Amino acid sequence: MTDLIKGHELLERWNIDIFKLYDYINKGLQPLNQTGKPIPPPNVTHMLKLLRAIKGELQVMQRIEKLNKEAGEETDDINKLLTIRLREANRLEEKLNAIEDKTSWLNFKIPKDKLSDEDYYENYYKVLDDHFSKDDVEKIEKNNPNILKDFSKKALKTFHKNRTESAKETTQQQEAIKEKFIRDAWIRLIKDKREKFRTMSQNNIAKEIYDYVFPLLKIKKTETKKHVLTRSVDRDGNPILRGLSLDTIIDIMKKQTDFEFNPFLKKF
């Protein structure tokens, strides 16, 4: 596999900021995933994710339509929704088919009207965690011998400091919100399931808490306008949410010492 270097490492290596990094990306420096596979720009990624979501809805609606027909029930409403979703899917596919190279970032710019959109904002800074080919990096260095003078060390230090402080504040808010929601979920669940929980394993209890709290947390945002559960994609490009697991719930519950009944503590 090609040797790779991360975006944030390039900032330090070249003494540049993210805006200058985008200049190089727009001129052909290709963002890659951890396996060296080219990553599409945010506008294409957004369309691909949206198309997958719509196709998933279509499959569900088609099954419902079939069941309704078999049961002799009305299908007009579901047919209307199907028609709308099919049109949306077709329009997206047409736009994607018109893009010759879906992984090209040449001249890519975040639309100004999207700069306040969290998904676009996160994708904009995501290049700092993306990878780049060391061969491509060294070619740029060879062609730009003064590249290390592009940005002052003082400005770079300030940029990193601000980004680190902002990330720290967001993380603190994410953890506080998760703890609050998990505590609230526990208070509600033990009203009806206290005796049931006495005979269940910690993992199974944590699963009940997870099922209760996940639908709430997946749409919750911090004061810094970041999602509590971070948006990401797996190696196949499928959207996933990170930040809540059974281990996370168990760890949080083990810190709650003020509940009269808490089977996550040793005394229980």
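Readers should treat all values here as calculations from the given coordinates under stated rules, not as data from a laboratory. The shown structure was predicted, so the numbers you read here are calculated from the model rather than taken from an experiment. Using ideal geometry, Cβ is built from the backbone for each residue, glycine included, and neighbour counts are taken over all protein chains shown.
Suppose each label sits 7 Å from its Cα in the direction of the beta carbon; what would the E70-R242 distance come out to in nanometres?
Each label point lies 7 Å from its Cα, and together they span 4.1 nm.
Which of N79, A53, N43 sits farthest toward the positive end of the charge dipole of the range 32-86, with +1 on the Cβ of Lys and Arg and -1 on the Cβ of Asp and Glu?
Going by the charge dipole, the pick is N43.
Note down the nm distance, to one decimal, between modelled labels 7 Å out along Cα→Cβ at K254 and at L96.
4.3 nm
Given a Förster radius of 41 Å and the C-beta distance between E138 and F214 as r, what FRET efficiency does 1/(1 + (r/R0)^6) yield to the nearest 0.05?
0.35
Using 0.36 nm times the number of residues separating T199 and R87, minus their current alpha carbon distance, what extension gain do you get?
35.2 nm
Over the range 163-254, with a single point scatterer placed on each C-alpha, what log10 of the ratio I(q)/I(0) does the Debye formula yield at q = 0.25 1/Å?
Debye output, listed in q order: -1.28.
Which listed residue (L92, L10, Q34) has the Cα farthest towards the positive end of the charge dipole for the range 1-104, taking +1 on Lys and Arg C-beta and -1 on Asp and Glu C-beta about the Cα centre?
Checking the options against the dipole of the range 1-104, the answer is L10.
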